[in-house]
Amino acid sequence: LWIGANKITGDMTGASFGLFNNHKGNDIGANLGVVNLTNNVKGANVSAVNISTGDTMVDVGLVSISKKSTVQVGFFNKTDEIKAVQIGLINCAKDGFLPCFPFVNF
């Protein structure tokens, strides 16, 4: 665990552990690592850096960037569309309470 990288081009169900997780398909479950590059995640991304090109349910990390997200928790959170809440030092959402707001944005 926690050694190496995971590259998945299709869909994944379960948990992914690695320093670097690169998933192009749809994930159901959890991605745990230092860097997560994902597409759509029904579950959680937990790492220092989470970058998603699609829709994520929960992102927890130092930096989380996604196209759409339900919940983001970290120091810097950025999404085009937030469905619920962002909690962190800097929170940016194009459709949020304000485009960028400290501590919480919805």
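For the range 48-67, check the following and say yes or no: at least one residue is hydrophobic (A, V, I, L, M, F, W, C) and open to solvent by less than 30 Å² (accessible area, probe 1.4 Å). The answer is no; no qualifying residue exists. Scanning the range 68-86 for residues being β-branched (V, I, T) and surrounded by fewer than 21 Cβ atoms within 10 Å (Cβ to Cβ) gives a total of 4. Looking at this structure, is L98 exposed (fewer than 15 other Cβ atoms within 10 Å of the Cβ), touching a Pro at 6+ places or on another chain (Cβ under 8 Å) and free of Cβ contacts under 8 Å to residues at least 24 places away in the same chain? No, not satisfied.
Working only within the range 1-39, note down all residues that are in a strand (DSSP E or B) and aromatic (F, W, Y).
Residues satisfying the conditions are F17, F20.
Rundown of residues vs (1) modelled with pLDDT of 95 or more; (2) in contact with a Gly (Cβ under 7 Å, 6 or more places away or on another chain), yes/no style:
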site	(1), (2)
I3	no, no
D27	yes, yes
G33	no, yes
V41	yes, no
T70	yes, no
I82	yes, yes
I87	yes, no
C92	yes, no
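The values are calculated or read from the model by the stated rules, or taken from the named source; none is laboratory data. Computed from a predicted model, the values in this text were never measured in an experiment. Every residue, glycine as well, gets a Cβ built from its backbone with ideal geometry; the counts of neighbours run over all protein chains shown. What goes into the accessible areas is simple: the full protein's heavy atoms, side chains included, and nothing from ligands, DNA or RNA. Shrake-Rupley method; radii C 1.70, N 1.55, O 1.52, S 1.80 Å.
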